[in-house]
1. So which aspartates and glutamates pass the test for A:Lys84, namely a Cα distance under 17 Å, with those fewer than 8 places away in the same chain ruled out?
2. So how far, in whole Å, is the C-alpha centre of the range B:536-615 from the one of the range B:91-123?
3. Using Cα pairs under 8 angstrom and six or more residues apart, how large is the relative contact order of the range B:9-205, in percent?
4. Once you've got the GNM for chain A with C-alpha springs shorter than 10 Å, pick whichever of A:Ala111, A:Ala19, A:Ala96 has the biggest mean-square fluctuation.
5. What does the charge dipole of the range B:9-205 about its Cα centre add up to, to the nearest 20 debye, if the Cβ of each Lys and Arg holds +1 and the Cβ of each Asp and Glu holds -1?
6. Write down the accessible area per residue of chain B in Å², having rolled a 1.4 Å probe over the full set of protein chains.
7. For the range B:149-219, which trypsin sites (Lys or Arg not before Pro) pass both filters: DSSP loop (anything but H, G, I, E, B) and at most 16 other C-beta atoms within 10 Å?
8. Using the crude model of +1 on Lys and Arg Cβ and -1 on Asp and Glu Cβ, and no other charge, please compute the dipole size for the range B:243-423 relative to its Cα centre, in debye to 20.
Amino acid sequence: MSKGLKADLAKCTGCQLCALVCSGTHVGKFNPSESRISVEDVFPEPGEFKLSYCTHCDEHPCVESCPVEAIKLNEGLGTYYVDKEACTGCGACVEACPYNGCWMDPSGAYAIKCDLCEGNPQCVEVCPKGVLKR
Amino acid sequence: MMADGYTGKILRVDLTSEKITTDNLNREWAKQFLGGKGLGARYLFEELKPGVDAMSPDNILSIWTGPAAGTMVPLTSRFVVVTKSPLTGTFLDSYAGGFLAPEIKYSGFDGIIIKGKAKKPVYLWITDSKAELRDAKNLWGKDTYKTEELVRKEVGHKYARVASIGPAGEKLGLISSVTADLTRNAGRGGTGAVFGSKNLKAVAAKGTMGVEVDNMDEFVKMAKEMILKDVVENPDHAGMITDGTPIIVDMSQNAALLPTKNWSSGEWEGSAGINSDALKSRVLVRKKACFDCAIACGSWSKVKKGLFKGATTEGPEYETLGMCGSNCGIKNIEAVVKFAEDCDRLGLDTISSGNVTGLAIDLYERGVLTKKDTGGLELKWGNEEAYGKMPAMIANRQHIGAVLADGAKRAAKKIGKGAEKLVVESKGLEYPAYDPRGTIGMALAYATSDRGACHMRAWPVAADAYGSGDPWSPEGKAAICVEDQTRTSVKWSFIFCDFYSVNFANMAKYYTAVTGAKSSEEHMREIGKRIWNLTRAFNVREGFARNDDNLPERMEKDPLSSGKTKGKSVPRVDFERMLEEYYKLWGWDAQGRPTKKALEEAGLKDIVPKLSYLK
Ligand code: SF4
Ligand code: SF4
């Protein structure tokens, strides 16, 4: 079982409050481009929303793909996070992830992905429609 | 950069010389006028020469965000187009939600001021502190859906957000709108025509710079609590969350003030086919929110079968259901979905378009218009096929559309033969979907609205026809209008969505959270009063006076024909009484002009020398 967020996409309204709280708490700025969850609205066709985030999958190919071992284990949660200081910004993990779960920060300097907010994901708390679950 | 919600920068674009510059935000004005409506009004008052032709290069077109746009203050991701209206000649502020406002902020700008006229069609592309004018040759003639798609491709950002005009704005129709994110319109007053007159097809933005607030940790805590307690669990929002604005169709039908068949009745026998239940059971696909919204009032709809199969829209919203539904004698929501989609694509305001279409059908039924005028269409009540062709006819100025494109007042004047008597407008802006003969306070709200007949400045109908008050008593209506106009002036400056029922105290709380500066309920009220006095002074400077705060003849002389409101009208004496009371409450003179004292008390001393009537 992956340890990441679960989403009931049928309920999502595309408000991006999840991305706002994520960027606010991770980088001290409101900026969806720096969020670890990304919301896409695809209209008029097919008329749906897509959420992308690290599912904390069991195989975690991102970890193996990293040439400098910058994706490290958070022992408490049993999930992997990107150590921003160690990351060289090569983008190998972005390529390796089959779920579109990690991507580059807009600066291009390092990769970003969901770290589950030390076990208390802020997006889950904020989502007004109950889409996201831990 | 100060961490106070503002970016501190204004983008200035001169289309004539193709020069683009960045200016510092006037911080003093930001304190006095907040953002959005207020700040836009202050800049326009300062920089627009009085009396200029709204369609000339001398008019100023500006786009503003609020200090909270892009932050977690819920329901504040709106932008406003501020300009002088070519439809009314007044101050104009038209708002749209969607996703553009945060991108303007994240690109580093609080507002955009556009002057002059481009030699050929262009669009403005803004990203991360930079902006450029780009050739719009390939976009000209395209509808807004296609324009968005092409602009995104050209600028290479899948999620660049685009506000554009369609053929209606290009052809300078005075009821044309600016459409953002497919379905969100800065609809009223002819914003699209101002874009068109400047050869400006679109404004697009994508920013990655973010917005900072005073104290992020405190802010997130506050915002999380407010989103839950003041938005999601607020009983005022229950209907907006489950249904959105279509819920108002039944409220208006029950109060018999739902505009029907060109304002002849307040009850519509077909209302069950265009109400919220019809929407939910027949066309709803899913709920959809604007950026930063915990309500998600939007309904993404799609027609499943019949003549209009495949048509999609977000909504239709109440105003569209009323003006393009019942007012056009339409019984099926599918037809309204199609009409709404066409209006969005072509860049037409649905309130005005529903008004002129209802008028045209009425005139056809009376024999004033014939098939010669309609391009062969049998334009009768209930002919959905003919009705469905109207948006294109208006936008492209074909047949009778050539005159309808400039709004009901101008159209009726050109058509003549008694058409003028059928029109319902104030200052040239057609009435929205609350018939004052079923709630007479709305006549005052429409007459005194700064941009012409508008339901978004004051909404006395809530307390009487929809509540427990007496809808036909003039008592207390002036006070409601003054209070509402004060509050909405602040709301439209933040810029909050109409559907967040946010009070002064909470606006003060948000202001402090964003900017770090002290605020209070009283502080917010002062700002609201300042802004409303300013837009009034703007209009007086443009030559508007008491006569223009008008009651359309029909409201007085042509009583409604069925149900609770049968035989009801708006008595002239009641209207005049409300108006006089209203001027007094604002401290204005008998002509409805802000006095020197009123302006000084509102903190507008510096504009006094610019108003010739005060000399
Ligand atoms: S980033 Fe992708 S590959 Fe790595 S753990 Fe998350 S989902 Fe798996
Ligand atoms: S906060 Fe919830 S409803 Fe809003 S975009 Fe995120 S998942 Fe969807």
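1. Filter leaves A:Glu34, A:Glu64, A:Glu69, A:Asp105, A:Asp115, A:Glu118.
2. After rounding, the separation between the Cα centres reads 31 Å.
3. 22
4. Residue with maximal mean-square fluctuation among A:Ala111, A:Ala19, A:Ala96: A:Ala96.
5. Details: 29 positive and 20 negative charges, 33 e Å.
Using only the charged Cβ atoms, the result is roughly 160 debye.
6. On the way: 19730 Å² over 615 residues.
Heavy-atom SASA per residue in chain B reads 32 Å².
7. On the way: sites: B:Arg152, B:Lys153, B:Lys158, B:Arg161, B:Lys171, B:Arg184, B:Arg188, B:Lys198, B:Lys201, B:Lys206; in loops: B:Lys158, B:Lys171, B:Arg188, B:Lys198, B:Lys206.
Loop-located and lightly packed - B:Lys158.
8. 540
The values are calculated or read from the model by the stated rules, or taken from the named source; none is laboratory data. For clarity, every value in this text was computed on a predicted model and none was experimentally measured. Don't worry about glycine lacking a Cβ; one is built from the backbone with ideal geometry, like all the others, and counts go over all protein chains shown. Remember, those area values only see protein heavy atoms, side chains included, never the ligands or the DNA or RNA. Shrake-Rupley method; radii C 1.70, N 1.55, O 1.52, S 1.80 Å.
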